[in-house]
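The next block holds one structure in the form of C-alpha coordinates; read it before the comments.
The values are calculated or read from the model by the stated rules, or taken from the named source; none is laboratory data. Just so it is clear, the structure is predicted and the values come from calculations on it, not from any experiment. A quick note on method: Cβ atoms are made from the backbone with ideal geometry, for glycine too, and the neighbour counts reach across all protein chains shown. To get the accessible areas, we keep the full protein, side chains included, count just its heavy atoms, and leave off ligands, DNA and RNA. Shrake-Rupley method; radii C 1.70, N 1.55, O 1.52, S 1.80 Å.
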Amino acid sequence: MLDDSKVSALIIDAYFKKLKDSLHLDAAIVGAGPSGLVAATLLAKDGFNVAVYESKLAPGGGMWGGGMMFNEIVVQREAIEVLKMFNVRLKEHEDSYFTCDSVECTSALINSAVNSGVKLFNLVKVVDTVFKNDSVCGLVINWTPVEHMGLHVDPITVYSKVVMDATGHPAELANTLVKKTGVKLETPSGGFEGEKPMNAEEGEKQTVENTKEIYKNFFVSGMAANGVCGGFRMGPIFGGMLLSGRKAYNLMKEKIERG
Ligand code: 48F
(Lines give C-alpha, C1' and ligand atoms only; values in the text may rest on other atoms or scores of the structure.)
Protein backbone atom coordinates (compact mmCIF):
# COMPACT_ATOMS: atom_id res chain seq x y z
CA MET A 1 0.00 0.00 0.00
CA LEU A 2 1.22 3.47 -0.84
CA ASP A 3 1.72 5.68 2.20
CA ASP A 4 1.32 9.39 1.39
CA SER A 5 3.03 10.53 4.55
CA LYS A 6 6.07 8.42 3.61
CA VAL A 7 6.17 10.15 0.20
CA SER A 8 6.16 13.55 1.92
CA ALA A 9 8.80 12.51 4.46
CA LEU A 10 11.14 11.20 1.74
CA ILE A 11 10.88 14.46 -0.23
CA ILE A 12 11.42 16.63 2.84
CA ASP A 13 14.40 14.58 4.10
CA ALA A 14 16.11 14.50 0.69
CA TYR A 15 15.61 18.23 0.11
CA PHE A 16 16.78 19.23 3.57
CA LYS A 17 19.91 17.11 3.21
CA LYS A 18 20.72 18.99 -0.01
CA LEU A 19 20.05 22.31 1.66
CA LYS A 20 22.07 21.51 4.77
CA ASP A 21 24.99 20.20 2.70
CA SER A 22 25.03 23.59 0.96
CA LEU A 23 25.53 25.86 3.96
CA HIS A 24 29.32 25.90 3.46
CA LEU A 25 30.17 25.60 -0.22
CA ASP A 26 33.29 25.71 -2.34
CA ALA A 27 31.41 27.51 -5.12
CA ALA A 28 27.98 29.19 -5.14
CA ILE A 29 26.74 30.04 -8.63
CA VAL A 30 23.81 32.35 -9.26
CA GLY A 31 21.85 31.51 -12.41
CA ALA A 32 21.45 28.20 -14.23
CA GLY A 33 22.06 29.48 -17.75
CA PRO A 34 24.69 27.90 -20.01
CA SER A 35 27.75 29.66 -18.54
CA GLY A 36 26.79 28.91 -14.93
CA LEU A 37 25.92 25.28 -15.68
CA VAL A 38 29.19 24.59 -17.52
CA ALA A 39 31.29 26.10 -14.71
CA ALA A 40 29.31 24.28 -12.01
CA THR A 41 29.52 20.89 -13.74
CA LEU A 42 33.29 21.07 -14.28
CA LEU A 43 33.88 22.09 -10.65
CA ALA A 44 31.62 19.33 -9.32
CA LYS A 45 33.40 16.77 -11.51
CA ASP A 46 36.61 17.75 -9.70
CA GLY A 47 34.93 16.97 -6.38
CA PHE A 48 34.14 20.51 -5.20
CA ASN A 49 30.98 21.24 -3.23
CA VAL A 50 28.94 23.34 -5.66
CA ALA A 51 25.43 24.76 -5.62
CA VAL A 52 23.57 26.62 -8.36
CA TYR A 53 20.61 28.84 -7.49
CA GLU A 54 17.99 29.48 -10.15
CA SER A 55 15.07 31.81 -9.55
CA LYS A 56 12.82 30.24 -12.21
CA LEU A 57 11.05 26.88 -12.13
CA ALA A 58 13.04 25.56 -15.10
CA PRO A 59 16.84 25.88 -15.06
CA GLY A 60 18.50 26.55 -18.43
CA GLY A 61 18.26 30.33 -18.76
CA GLY A 62 18.06 31.80 -22.22
CA MET A 63 19.03 28.69 -24.16
CA TRP A 64 15.71 26.83 -24.43
CA GLY A 65 14.16 29.20 -26.94
CA GLY A 66 17.02 29.40 -29.48
CA GLY A 67 16.61 32.59 -31.53
CA MET A 68 13.16 34.18 -31.40
CA MET A 69 11.65 30.85 -30.29
CA PHE A 70 13.17 28.92 -33.24
CA ASN A 71 14.61 26.23 -31.00
CA GLU A 72 18.00 25.79 -32.65
CA ILE A 73 21.23 27.46 -31.57
CA VAL A 74 24.49 28.18 -33.35
CA VAL A 75 27.87 27.29 -31.87
CA GLN A 76 31.20 28.11 -33.46
CA ARG A 77 34.07 25.65 -33.85
CA GLU A 78 36.16 26.98 -30.93
CA ALA A 79 33.48 25.91 -28.45
CA ILE A 80 32.68 22.48 -29.85
CA GLU A 81 35.05 20.67 -27.50
CA VAL A 82 33.11 22.08 -24.52
CA LEU A 83 29.79 20.93 -25.96
CA LYS A 84 31.17 17.47 -26.72
CA MET A 85 31.78 16.96 -22.98
CA PHE A 86 27.99 17.13 -22.58
CA ASN A 87 27.19 14.63 -25.37
CA VAL A 88 25.15 17.05 -27.44
CA ARG A 89 24.59 16.10 -31.09
CA LEU A 90 25.80 18.71 -33.55
CA LYS A 91 25.23 19.44 -37.21
CA GLU A 92 28.22 20.90 -39.04
CA HIS A 93 27.74 23.64 -41.64
CA GLU A 94 30.14 25.51 -43.88
CA ASP A 95 32.60 28.10 -42.47
CA SER A 96 32.98 26.35 -39.09
CA TYR A 97 29.43 26.93 -37.87
CA PHE A 98 27.54 24.20 -36.02
CA THR A 99 23.89 24.03 -35.00
CA CYS A 100 22.20 21.96 -32.34
CA ASP A 101 18.71 21.56 -30.94
CA SER A 102 18.42 24.06 -28.11
CA VAL A 103 16.16 21.80 -26.06
CA GLU A 104 18.62 18.90 -26.33
CA CYS A 105 21.53 21.17 -25.48
CA THR A 106 19.86 22.86 -22.51
CA SER A 107 18.60 19.63 -21.00
CA ALA A 108 22.03 18.00 -21.48
CA LEU A 109 23.72 20.81 -19.52
CA ILE A 110 21.17 20.54 -16.70
CA ASN A 111 21.40 16.76 -16.59
CA SER A 112 25.20 16.77 -16.52
CA ALA A 113 25.26 19.34 -13.73
CA VAL A 114 23.00 17.32 -11.43
CA ASN A 115 24.67 14.04 -12.43
CA SER A 116 28.08 15.46 -11.55
CA GLY A 117 26.94 16.34 -8.03
CA VAL A 118 25.91 19.98 -8.42
CA LYS A 119 23.15 20.83 -5.97
CA LEU A 120 20.70 22.70 -8.16
CA PHE A 121 18.10 24.79 -6.33
CA ASN A 122 15.38 26.04 -8.62
CA LEU A 123 12.73 28.52 -7.46
CA VAL A 124 15.36 30.11 -5.21
CA LYS A 125 16.23 33.75 -5.80
CA VAL A 126 19.54 35.19 -4.72
CA VAL A 127 18.85 38.62 -3.32
CA ASP A 128 22.23 39.73 -1.98
CA THR A 129 25.81 38.75 -1.18
CA VAL A 130 27.35 38.19 2.25
CA PHE A 131 30.15 40.73 2.61
CA LYS A 132 32.78 40.49 5.36
CA ASN A 133 36.37 41.75 5.72
CA ASP A 134 36.09 43.54 2.37
CA SER A 135 35.34 40.36 0.46
CA VAL A 136 32.33 38.42 -0.75
CA CYS A 137 31.88 35.22 1.24
CA GLY A 138 28.36 34.01 0.56
CA LEU A 139 24.85 34.55 -0.72
CA VAL A 140 21.51 35.61 0.66
CA ILE A 141 18.70 33.42 -0.67
CA ASN A 142 14.92 33.31 -0.51
CA TRP A 143 12.06 31.51 -2.27
CA THR A 144 11.25 33.20 -5.58
CA PRO A 145 7.50 33.39 -4.78
CA VAL A 146 8.30 35.22 -1.52
CA GLU A 147 10.25 37.82 -3.48
CA HIS A 148 7.65 38.08 -6.26
CA MET A 149 4.78 38.53 -3.84
CA GLY A 150 6.73 41.02 -1.78
CA LEU A 151 6.11 39.00 1.37
CA HIS A 152 7.83 40.30 4.45
CA VAL A 153 9.89 37.14 5.08
CA ASP A 154 13.59 37.27 5.85
CA PRO A 155 15.98 35.29 3.64
CA ILE A 156 18.72 32.91 4.84
CA THR A 157 22.45 32.87 4.10
CA VAL A 158 24.91 30.34 2.70
CA TYR A 159 28.69 30.68 2.82
CA SER A 160 31.03 29.93 -0.05
CA LYS A 161 34.73 30.19 -0.87
CA VAL A 162 33.85 31.70 -4.24
CA VAL A 163 30.64 33.20 -5.61
CA MET A 164 29.69 33.76 -9.24
CA ASP A 165 27.14 36.04 -10.86
CA ALA A 166 25.88 34.10 -13.90
CA THR A 167 22.51 35.89 -13.96
CA GLY A 168 22.66 36.83 -17.65
CA HIS A 169 21.70 40.26 -18.97
CA PRO A 170 20.69 41.89 -15.67
CA ALA A 171 23.97 41.01 -13.86
CA GLU A 172 21.81 41.43 -10.79
CA LEU A 173 24.23 40.45 -8.11
CA ALA A 174 27.15 42.56 -9.28
CA ASN A 175 24.81 45.52 -9.64
CA THR A 176 23.55 45.09 -6.09
CA LEU A 177 27.08 44.68 -4.74
CA VAL A 178 28.21 47.98 -6.26
CA LYS A 179 25.08 49.86 -5.17
CA LYS A 180 25.28 48.62 -1.60
CA THR A 181 29.01 48.76 -0.93
CA GLY A 182 30.44 51.20 -3.47
CA VAL A 183 33.41 48.85 -3.94
CA LYS A 184 35.72 49.27 -6.92
CA LEU A 185 35.35 46.43 -9.43
CA GLU A 186 37.90 45.09 -11.94
CA THR A 187 36.20 47.02 -14.76
CA PRO A 188 37.42 49.93 -16.91
CA SER A 189 35.82 52.58 -14.65
CA GLY A 190 35.81 50.53 -11.45
CA GLY A 191 31.99 50.64 -11.53
CA PHE A 192 29.18 48.80 -13.30
CA GLU A 193 29.65 49.58 -17.01
CA GLY A 194 26.37 48.26 -18.46
CA GLU A 195 25.79 46.10 -21.54
CA LYS A 196 26.31 47.52 -25.06
CA PRO A 197 24.00 46.82 -28.07
CA MET A 198 24.26 43.91 -30.49
CA ASN A 199 27.60 43.04 -32.06
CA ALA A 200 27.94 39.26 -32.21
CA GLU A 201 31.59 39.17 -33.23
CA GLU A 202 32.80 41.50 -30.47
CA GLY A 203 30.30 40.23 -27.92
CA GLU A 204 31.40 36.62 -28.32
CA LYS A 205 35.05 37.52 -27.68
CA GLN A 206 34.25 39.89 -24.85
CA THR A 207 32.08 37.50 -22.90
CA VAL A 208 35.13 35.26 -22.51
CA GLU A 209 37.59 38.13 -21.87
CA ASN A 210 35.23 39.66 -19.30
CA THR A 211 34.82 36.40 -17.40
CA LYS A 212 36.92 37.09 -14.32
CA GLU A 213 37.11 37.78 -10.62
CA ILE A 214 35.72 41.32 -10.50
CA TYR A 215 35.96 41.60 -6.75
CA LYS A 216 37.49 39.48 -3.99
CA ASN A 217 36.01 35.95 -4.35
CA PHE A 218 33.33 37.33 -6.69
CA PHE A 219 33.34 36.14 -10.31
CA VAL A 220 31.18 36.94 -13.34
CA SER A 221 30.42 34.81 -16.40
CA GLY A 222 28.33 34.88 -19.57
CA MET A 223 26.17 37.91 -20.31
CA ALA A 224 26.58 39.09 -16.72
CA ALA A 225 30.32 39.48 -17.43
CA ASN A 226 29.51 41.69 -20.43
CA GLY A 227 26.94 43.63 -18.43
CA VAL A 228 29.40 44.41 -15.67
CA CYS A 229 32.38 45.13 -17.93
CA GLY A 230 30.56 46.94 -20.76
CA GLY A 231 30.63 44.29 -23.52
CA PHE A 232 28.28 43.85 -26.47
CA ARG A 233 25.36 41.41 -26.64
CA MET A 234 25.43 38.68 -29.26
CA GLY A 235 22.06 36.91 -29.72
CA PRO A 236 21.52 33.19 -30.30
CA ILE A 237 25.14 32.13 -30.78
CA PHE A 238 26.32 30.27 -27.70
CA GLY A 239 30.02 29.44 -28.10
CA GLY A 240 31.03 32.43 -25.98
CA MET A 241 28.74 31.29 -23.13
CA LEU A 242 30.22 27.78 -23.12
CA LEU A 243 33.81 29.08 -23.25
CA SER A 244 33.00 31.62 -20.54
CA GLY A 245 31.73 28.80 -18.31
CA ARG A 246 34.92 26.82 -18.87
CA LYS A 247 37.12 29.85 -18.15
CA ALA A 248 35.12 30.60 -14.99
CA TYR A 249 35.67 27.00 -13.89
CA ASN A 250 39.45 27.32 -14.28
CA LEU A 251 39.58 30.66 -12.45
CA MET A 252 37.39 29.54 -9.56
CA LYS A 253 39.22 26.23 -9.19
CA GLU A 254 42.52 28.06 -8.93
CA LYS A 255 41.09 30.48 -6.36
CA ILE A 256 39.55 27.74 -4.20
CA GLU A 257 42.78 25.72 -4.25
CA ARG A 258 44.90 28.77 -3.43
CA GLY A 259 42.62 29.44 -0.44
O1 48F B 1 20.62 34.46 -19.19
P2 48F B 1 21.21 33.14 -18.95
O3 48F B 1 20.97 32.07 -19.94
O4 48F B 1 22.78 33.32 -18.63
P5 48F B 1 24.12 33.18 -19.48
O6 48F B 1 24.84 31.97 -19.05
O7 48F B 1 23.65 32.97 -20.98
C8 48F B 1 23.12 34.01 -21.75
C9 48F B 1 22.35 33.42 -22.90
O10 48F B 1 21.35 32.53 -22.48
C11 48F B 1 21.69 34.45 -23.80
C12 48F B 1 22.67 35.18 -24.63
C13 48F B 1 23.53 34.38 -25.55
O14 48F B 1 23.62 35.01 -26.72
O15 48F B 1 22.74 36.37 -24.57
O16 48F B 1 20.90 35.37 -23.04
O17 48F B 1 24.82 34.48 -19.39
O18 48F B 1 20.70 32.58 -17.54
C19 48F B 1 20.75 33.33 -16.38
C20 48F B 1 19.86 32.67 -15.36
O21 48F B 1 19.98 33.35 -14.13
C22 48F B 1 18.71 33.36 -13.48
C23 48F B 1 17.73 33.54 -14.64
O24 48F B 1 16.44 33.12 -14.28
C25 48F B 1 18.37 32.70 -15.72
O26 48F B 1 17.87 31.38 -15.72
N27 48F B 1 18.72 34.44 -12.50
C28 48F B 1 18.74 35.77 -12.76
N29 48F B 1 18.77 36.46 -11.61
C30 48F B 1 18.76 35.55 -10.59
C31 48F B 1 18.73 34.25 -11.17
C32 48F B 1 18.78 35.63 -9.17
N33 48F B 1 18.82 36.81 -8.55
N34 48F B 1 18.76 34.50 -8.45
C35 48F B 1 18.73 33.28 -9.07
N36 48F B 1 18.70 33.15 -10.42
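Numbers at a glance
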{"quantity": "Whole-Hz couplings from phi, Karplus 6.51/-1.76/1.60, listed for the range 233-243; x for Gly and Pro", "calculated": "8, 9, x, x, 10, 10, x, x, 5, 5, 5"}
{"quantity": "Solvent-accessible surface (1.4 angstrom probe) belonging to residue 229, in square angstrom, nearest 10", "calculated": "10 Å²"}
{"quantity": "Using θ = phi - 60° and Karplus 6.51 cos²θ - 1.76 cosθ + 1.60, couplings along the range 190-200 (whole Hz; Gly, Pro as x)", "calculated": "x, x, 8, 7, x, 5, 9, x, 6, 6, 4"}
{"quantity": "Accessible area of the range 1-155 divided out per residue, in Å², using a probe of 1.4 angstrom", "calculated": "54 Å²"}
{"quantity": "Among 96, 221, 112, residue whose mean-square fluctuation peaks in a GNM of the chain (springs only between Cα atoms under 10 Å)", "calculated": "96"}
{"quantity": "Considering only the range 91-236, percent of DSSP beta bridges that pair antiparallel, nearest 5", "calculated": "75 percent"}
{"quantity": "Spatial separation of Cα centroids for the range 180-202 and the range 17-67, in angstrom", "calculated": "23 Å"}
{"quantity": "The chain: most fluctuating residue of 243, 177, 43 per GNM, C-alpha cutoff 10 Å", "calculated": "177"}
{"quantity": "Max mean-square fluctuation residue, GNM over the chain, Cα-Cα springs under 10 Å, options 53, 249, 97", "calculated": "97"}
{"quantity": "5 angstrom amide H check on residue 122, placed H, neighbours 5+ away", "calculated": "54"}
{"quantity": "Along principal axes, Cα extents of the chain, largest first, whole Å", "calculated": "57, 53, 39"}
{"quantity": "Percent carbon-and-sulfur accessible area, the chain, ignoring ligands, DNA and RNA, probe 1.4 Å", "calculated": "56 percent"}
{"quantity": "Percent antiparallel among DSSP beta bridges (both partners in the chain, rounded to 5)", "calculated": "55 percent"}
{"quantity": "5 angstrom amide H check on residue 233, placed H, neighbours 5+ away", "calculated": "196, 198, 199"}
{"quantity": "Net charge over other residues, Cβ less than 15 angstrom from the Cβ of residue 14 (K, R count +1; D, E count -1)", "calculated": "+3"}
{"quantity": "Computed [θ] at 222 nm, helices only, for the chain once each DSSP H run of length n ≥ 4 contributes -39500 (n - 2.57)", "calculated": "-12000 deg cm²/dmol"}
{"quantity": "Counted charge near residue 227, where neighbours are those whose Cβ lies closer than 11 Å (Asp, Glu -1; Lys, Arg +1)", "calculated": "-2"}
{"quantity": "Subset of 132/212; 180/216; 6/119; 216/253 violating a 18 Å alpha-carbon distance limit", "calculated": "132/212; 6/119"}
